[in-house]
Amino acid sequence: MIIHNQIYLNILNIWDHQFSSQTSLLNAQANSPLTRNIIEYLILYSQSRLWTNDIFFTTKFLDSPSKKLNRIENLFCIMHNYKLDFRFSFKFNTKGGIYPISSYFIRSNQFFNFVKSLKKKEIFYLKQIITADGLFLKTWKEIKGFLTNKKGCTPEWYKYLKENIILNQNNLRLNFDLSPTNIQNPLITRPKIIPQSSNITRIKNVWIAYWCLCTKTVIFGRVVEKNHFYNYHQTITFEHYTYIPESHHTSNNLTPRSRPTYLSKCTGCVLSENNIYNNNTLHTCYITSLSNSTIIINVSKSNLTFPNYKKPIYKCIKQFTTIQ
Ligand SMILES: [Zn+2]
Ligand SMILES: [Zn+2]
C-alpha cells in the first residue's frame, strides 16, 4: 500500500513542482536586466515561427502542451491551463489588427503548412479575412481580391477555418464574437455560461430574444441546447418563434406599450440552419446564436387563439419594443 504512504504522496507533485519553478524562473528571467533580451528574443522568434503578434493569445488555443511547440511556447500553454499570469516588463506593438489568424488553426496538425501559405499570401490578422462587422468569414473569392498574388486554388487553411470557426455554412457566420457585448446591464440576464466542454448540453424551459441585424427583427426562441467548446464563446441552439403582429382583442384596451407579445412557432425561414435538427420533417426552425448576444425572457403558454397562427401560442411579458 505504498501509494497511501505519506512519504510517497509527493511523487505525484513532482510535475507541479517542476512546472512552478520553471514558470517563476521564466518570469524572473524576463524581468532581469541580464536575461531580459534573451527572453524577448525567444518570444519574438516564437511569434514569427507561429505567425502571431501575441504568443500568449495564440497558446491559449491549446488545452495542453503540444509536440509542435518548443519549450518556452509549451510553458505559456501550461501557464494558461493553470491560470497563471506573465509579468513581463516589455510589450511588443504591432499595427494593423488585434487577432492573429494563426491562433485559429494552431490545433490542426497541418499548422505549419498553413502558416507557410499565409506567409506567402501576407495574411496575418483575422481582420483580413472577415467582414468589417466582425461577424462573417469572407468568401475565398473576396479574400483573393485583396491579395497581390491572385493565383492558386482555395488553400487548405481556408477549408479548415470553414469547418472549424463557422456556425452557419450558408452565410459563413463566425462561431465566436470578437467584441462580446459584455456591458453589464442589471435589467438584462444572459443565458448562463456552462463550463467548457466538447459535449452538448440539453436545455429546457429557457427562452431568449435578441435583435437580429440581418433581418431587422427581434428573434425569439426556446433554447434546446448549449455548446461551449474549448476556446470558443458559448453558443445556443433554439427553436425559433416569431411574434404575432396582430393584437388580440383581449388586450385591445391596453396601450400598445403594455400589450404582451404573443409568439408562435416558426416553421422555417431564411435563418433556419442546415443542421441535424432541420433535416427532419417536424417543421421546426432551429437557429444557433452566440449566447452572449441574447437575453433571457420570461415566456408562458397562452390559451389565446389567433386565426392565422397554429397553437401553441406563447406569451412574453417583456414588450417587443424593449427588446428592440
Ligand atoms: Zn442576424
Ligand atoms: Zn425561423
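List of remarks:
- Identity of the residue in region 214-241, farther than 21 Å from His283 by Cβ and more than 18 Å from the chain's Cα centre (by Cα), that ends up nearest to ligand 1 (Cβ to nearest atom): Cys214
- The single residue among Ile219, Ile287, Ile193 that is surrounded by 18 or more Cβ atoms within 10 Å (Cβ to Cβ), of a type in the set (Val, Ile, Thr), at pLDDT 80 or above and within 30 Å of Ile106 (Cβ to Cβ) turns out to be Ile287.
- Residue check, Leu282 at pLDDT below 80 and either within 16 Å of ligand 2 (Cβ to nearest atom) or more than 17 Å from the chain's Cα centre (by Cα) (or both): yes
- Whichever residue in region 188-218 is in a strand (DSSP E or B) and under 13 Å from Leu290 (Cα atoms) and, among such residues, is nearest to ligand 2 (Cβ to nearest atom): Cys212
- Residues (surrounded by 17 or more Cβ atoms within 10 Å (Cβ to Cβ), more than 16 Å from Cys212 (Cβ to Cβ) and away from ligand 2 (no atom under 15 Å from the Cβ)) located in region 226-247: Lys226, Asn227, His228, Tyr232, His233, Gln234
- Yes/no for Thr131 being β-branched (Val, Ile, Thr), surrounded by fewer than 18 Cβ atoms within 10 Å (Cβ to Cβ) and in contact (Cβ under 8 Å) with a residue 12 or more places away in the chain: no
- Residue list for region 88-126, restricted to those being hydrophobic (A, V, I, L, M, F, W, C), at pLDDT below 75 and surrounded by 13 or more Cβ atoms within 10 Å (Cβ to Cβ): Phe88
- Members of region 233-251 that are closer than 11 Å to Ser291 by Cα and part of a loop (DSSP other than H, G, I, E, B): His233, Gln234
The values are calculated or read from the model by the stated rules, or taken from the named source; none is laboratory data. Here the structure is a predicted model, which is why all the values come from computation and not from measurement. Neighbour counts are summed over all protein chains in view; Cβ atoms, including those assigned to glycine, are modelled from backbone coordinates with ideal geometry.
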